[in-house]
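Structure record follows, encoded as structure tokens.
Throughout, read-outs are computed from the coordinates displayed, never taken from laboratory work. All values reported here derive from a predicted model rather than from experimental measurement. Reconstructed Cβ throughout: ideal geometry from the backbone, glycine too, with neighbour counts over all protein chains shown.
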Amino acid sequence: MLIFLLVVFGAAGTLARYGLQGLVQSWTGSMFPTGTLVVNLLGCFLLGGVAQFSFQHLAFPPEWRIAITVGFFGAFTTFSTFTWETVRMLEDGAWPSAILYLGVSVMGGLLAVMLGMRLANAF
């Protein structure tokens, strides 16, 4: 059952990432990887909230917690893409953009997880 849930939630996370990342990137029309940044920050926020809520309210069976956190959010967040894009910017000499992208992604991700956790604690 766990493997089935991981596959289903992983596929859903992948499709959600693909759709949202493309939509945001198209909407901004920028060479800066805004779509990846938005997906990563949103994924961090949602993962922080969902994980915190599910651990404090044991209404979620362990298989479902794993499916949601590892399956969906593992496929939804794109830190491997983030790393590749950062390296590409560095290789292209776009150091200011790479540093900005790195800083906002990491610090924003940390803040988003903390906000998600605080929101979950409120319930």
Cα-based Rg of the chain normalised by 2.2 N^0.38 Å, two decimals: 1.14
Sort 18, 101 so the one with the fewest other Cβ atoms within 10 Å of its own Cβ comes first. 18, 101
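In what sequence do 88, 17 fall when counting other Cβ within 10 Å, fewest first?
Values: 88 12, 17 23.
Fewest-to-most Cβ neighbours within 10 Å comes out as 88, 17.
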Kindly write out, for the stretch 78-86 in residue order, the coupling ³J(HN,Hα) from the Karplus curve 6.51 cos²θ - 1.76 cosθ + 1.60 (θ = phi - 60°), rounded to whole Hz, with x marking Gly and Pro. 10, 5, 5, 5, 4, 5, 4, 5, 5
What is the spin-label model distance, in nm, from residue 119 to residue 7 if the labels are put 7 Å beyond Cα along the C-beta direction? 3.2 nm
Post the alpha-carbon centroid distance, the stretch 25-93 to the stretch 109-123, in whole angstrom. 15 Å
I need the peptides 90-98, 4-12 ranked by packing, meaning the mean over residues of other C-beta atoms within 10 angstrom, with the highest value on top. 4-12, 90-98
If you stretched the chain out fully between residue 111 and residue 94, how much longer would it get, using 0.36 nm times the residue separation minus the C-alpha to C-alpha distance? 3.6 nm
